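Step one of this worksheet: look at the structure below.
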Amino acid sequence: MSAPLHAVSRRNIAHWRERLDLAAAFRWAARLNLHEAVSNHFSLVVEDEGPRFLINPNQVHFSRVRASGLLLLDAGDSAPPSGPHAPDLTAWGLHASVHRLCPHARCAMHVHSIHATVLASLADSSLPPIDFNTATFYGRYAIDEHFGGLALEEEGQRCAALLADPGVKVLILGNHGVLVIGESVADTFNRLYFFERAAETCIRALQTGRPLRVLSHEVAERTARQIETYPGQAERHFGELKAILDEEGDTYAS
């Protein structure tokens with residue numbers, strides 16, 4: 001009888017550091033209620049060249065994802081993987097397409113978080129720059145206006161095409177949720193966190209029924225650029241999150 005995945009020595013598991021980061025992101029997504037049941041997916045490319053990527057196993061709750069249990073797949077494969085832990089077809093269709101067609105998307109996080117999904121459900125899903133967080137994404141997101149059902153391979157390819165511009169880091173999936181990409185787990189999770197906060201600010205402001213105080217193009221763009229170049233913010237944010245998990249003896253690193 002083979003040993004359970006979490007019992008395997010980390011020295012025998014490839015890409016351990018990347019696995020730690022991605023597993024920690026799953027645990028925090030669950031704590032922040034960004035996840036939905038046992039759906040949604042995070043992935044991370046693990047090689048400088050080539051389409052191999054880590055992704056969560058099928059039907060495992062985000063709060064139980066472990067570094068050793070992450071799957072290593074190849075986006076260049078002609079058919080989706082099979083087996084008891086293989087990701088569902090939507091995870092393969094969306095993430096394999098993104099990593100195959102958008103090499104700048106080293107990490108991809110797809111969730112149906114509450115406020116981002118509310119924003120994606122509006123006839124106008126744009127995010128007006130009304131504070132720091134909303135201005136962060138000014139001119140840096142795209143909106144998918146043509147929801148076509150489950151993100152199977154054809155739908156995944158269509159969504160990936162909307163992220164072809166490296167300057168676009170967030171895809172608001174109309175009638176669906178949000179897909180965030182980045183250069184690393186820290187970069188992507190930080191962006192996911194602040195996009196959900198930005199969407200919440202927007203939704204709550206709209207709920208008042210009062211006019212929005214919208215920043216000018218010049219101020220919104222300047223703010224977005226300043227935040228983009230603010231040194232080390234994503235890494236320090238994510239480092240603190242991992243430190244909290246470590247202090248609590250969380251099992252993500254097993």
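Worth a mention:
- Angle of helix 16-31 to the longest C-alpha principal axis of the chain, folded into 0 to 90 degrees and rounded to 10: 50°.
- Here the Karplus relation 6.51 cos²θ - 1.76 cosθ + 1.60, evaluated at θ = phi - 60°, turns the backbone of the stretch 52-58 into coupling constants of 6, 9, 8, 7, 6, x, 5 Hz, with x for every Gly and Pro.
- The phi torsions of the stretch 157-166, fed into the Karplus equation with coefficients 6.51, -1.76 and 1.60 and a -60° offset, translate into couplings of 5, 5, 5, 4, 4, 6, 10, 5, 6, x Hz, rounded to whole numbers, with Gly and Pro shown as x.
- Helix 217-228 axis, angle to the chain major axis (alpha carbon atoms, nearest 10°): 30
- In plain terms, if you count all Cα to Cα distances in the stretch 134-187 and split them into 5 Å steps from zero, the share in each step is 4, 18, 30, 25, 14, 7, 1 percent.
- Taking every Cα-Cα distance in the stretch 52-205 and sorting them into 10 Å bins starting at zero, the pair-distance distribution P(r) comes out as 11, 42, 35, 11, 1 percent.
- Couplings 3J(HN,Hα) for the stretch 126-133, derived from phi with the Karplus relation 6.51 cos²θ - 1.76 cosθ + 1.60 (θ = phi - 60°), are 5, 10, x, x, 10, 7, 4, 5 Hz, where x marks Gly and Pro.
- Highest-fluctuation residue, 206, 163, 72 considered, GNM on the chain with Cα pairs under 10 Å: 206
- Once the mean of 1/r is taken over each pair of separate Cα atoms and inverted, the stretch 102-193 shows a Kirkwood hydrodynamic radius of 13.3 Å.
- Dipole magnitude for the chain: about 500 debye, using +1 per Lys or Arg Cβ and -1 per Asp or Glu Cβ, origin at the Cα centre.
- Net dipole in debye of the stretch 182-254 [+1 Lys, Arg Cβ; -1 Asp, Glu Cβ; about Cα centre; nearest 20]: 600
- Comparing 125, 157, 245 along the charge dipole axis of the chain, the residue lying farthest to the positive side is 245, per the Cβ-charge model.
Since every read-out is calculated from the coordinates, none of them should be taken as a lab result. Worth saying up front: this structure is predicted, and the values here are computed from it rather than measured. All Cβ positions, even for glycine, are placed from backbone atoms using ideal geometry, and neighbour counts span all protein chains on display.
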